[in-house]
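Take a look at the structure set out below.
Each reported figure results from applying straightforward, stated rules to the coordinates on display, with no laboratory input. Just so it is clear, the structure is predicted and the values come from calculations on it, not from any experiment. Cβ atoms come from the backbone with ideal geometry, glycine included; neighbour counts cover every protein chain shown.
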Ligand SMILES: O=C(O)C1=C[C@@H](OP(=O)(O)O)[C@@H](O)[C@H](O)C1
Ligand SMILES: C=C(OP(=O)(O)O)C(=O)O
């Protein structure tokens with residue numbers, strides 16, 4: 001998403017109850033990976049339900065620049081003709097990933113496993129995000145960082161080695177992006193590339209690699225079996241396959257919380273992916289007393305999905321332990337909104353990774369709560385929100401810092417607050433959920449067209 005244009009503020013206000021059904025867009029993590037593995041396989045991958053948000057469109061453009069043939073057949077229906085592992089060519093221009101951490105970091109892994117040179121860049125938000133976490137393992141695999149902005153940031157240029165070295169990487173951060181970058185680089189390395197993670201993060205890369213024909217062995221390790229050792233056998237022939245993308249639980253989160261906090265609401269959110277490494281918010285909202293039913297569980301695209309029926313509920317404060325963070329890392333902004341409407345104190349612990357997202361989400365959420373009269377405190381890496389069970393005051397303007405989730409979360413707050421809530425810029429919503437405003441309006445939310 002280029003952000004040279006003037007900001008577009010959006011205001012949400014409390015209105016009638018939310019009612020009806022909605023299907024959130026395709027999962028962003030799976031959408032990026034479907035395009036990337038399409039690029040790295042032989043034959044034509046057909047994707048259904050692809051998220052057509054700006055982040056994913058950037059990944060598609062980068063895949064094309066690296067040699068893939070890409071066609072859009074209709075809404076969410078895409079075809080990718082791959083070049084196979086080892087088949088990438090030098091891109092003609094800079095790979096501009098806009099606002100997308102996932103797209104840029106995973107593609108750094110792809111490029112790093114091939115003897116090609118590519119320059120990565122992005123918007124003002126992406127230019128602030130740490131890339132050393134990706135560059136460190138890639139350098140161990142033989143990649144040369146030709147150029148980089150200060151502190152290991154984009155714009156940066158990578159040159160992959162003639163043959164990547166398979167490594168065992170003990171990841172210092174709980175990050176699916178780091179894990180995925182190493183595994184994707186390992187695809188074109190002879191031998192076994194292993195990633196060890198102390199806490200399991202979303203496993204879409206591992207699952208999809210298998211779907212395309214790679215051998216990936218996964219072992220639960222560490223106390224309580226919460227960690228993972230993932231071993232990929234390098235230089236497989238990946239075969240194009242069909243991918244059906246389930247609805248994104250991180251996008252569903254907004255309607256889910258809105259349904260809980262707007263009085264009188266009853267909403268069904270359809271086809272939401274229930275991968276246990278993505279359901280931390282659901283578990284937390286249930287603990288808070290949320291009336292949420294999991295209906296019609298079924299398999300879609302290799303994942304369990306369910307329809308979620310949510311009704312307005314009296315929520316109570318809870319403690320969210322740090323070990324739950326990987327399973328709900330993108331959902332804390334909207335959980336903070338639920339906490340603002342709950343009775344009692346909600347403690348969200350171990351949120352350090354929130355500081356390196358599209359914005360410093362810990363600071364951005366705290367500032368947004370303050371602007372809207374919600375009592376809270378940040379203690380180290382913990383966010384503590386005090387609610388009294390009544391509607392938050394609202395009336396504030398929230399700075400979104402080019403962060404889609406901050407924008408959507410505070411618009412949800414506005415749907416339940418005493419006075420309207422304005423976000424200073426809604427443009428970034430299109431990176432992950434282009435239909436957000438119209439979907440929420442269809443349920444009855446008082447949002448501008
Ligand atoms: O791998 C992925 O698709 C993602 C991993 C997470 O990031 P980290 O790996 O930085 O935790 C998450 O925040 C992001 O939205 C998507
Ligand atoms: C953190 C996110 O995405 P990314 O890292 O891909 O920019 C997100 O979507 O909340």
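Ratio of Rg to Rh for the chain: 0.96 [Cα atoms; Kirkwood radius as inverse mean 1/r over pairs]. Does segment 278-353 come out rounded, prolate or oblate, given a ≥ b ≥ c as the square roots of the eigenvalues of its C-alpha gyration tensor, rounded meaning a/c under 1.5 and, failing that, prolate meaning a/b above b/c? Note, shape of segment 278-353 comes out oblate.
Helix 54-65 and the longest principal axis of the C-alpha atoms of the chain enclose an angle of approximately 10°.
Is the shape of segment 241-374 best called rounded, prolate or oblate, per the rule: a/c under 1.5 gives rounded, else a/b larger than b/c gives prolate, else oblate, with a ≥ b ≥ c the square roots of the Cα gyration tensor eigenvalues? Since a/c reaches 1.5 but b/c is at least a/b, the shape of segment 241-374 is classed as oblate.
Across segment 362-429, Cα-Cα pairs more than 19 Å apart make up 28 percent of the total.
Highest mobility in the GNM of the chain, judged by mean-square fluctuation with C-alpha springs under 10 Å and restricted to 319, 422, 45, is found for 319.
Distance from the Cα centroid of segment 370-449 to that of segment 256-318 is 19 Å (rounded to whole angstrom). Each of 114, 204 was scored by other Cβ atoms within 10 Å of its Cβ. Listed from fewest to most, they are 204, 114. Restricting the calculation to Cα atoms, segment 28-241 yields a radius of gyration followed by a Dmax of 15.7, 48 Å. The calculated 222 nm mean residue ellipticity attributable to helices in the chain amounts to -8500 deg cm²/dmol, summing -39500 (n - 2.57) over DSSP H runs of n ≥ 4 and dividing by all residues. Specify whether the C-alpha gyration tensor of segment 183-248 places it in the rounded, prolate or oblate class, a ≥ b ≥ c being the square roots of the eigenvalues: rounded for a/c under 1.5, otherwise prolate if a/b is larger than b/c and oblate if not. Note, shape of segment 183-248 comes out oblate.
Contact order normalised by length for the chain, with contacts defined as Cα pairs under 8 Å and 6 or more residues apart; what percent is it?
19 percent
With neighbours defined as other Cβ atoms within 10 Å of a residue's Cβ, the residues 218, 195 order from fewest to most as 218, 195.
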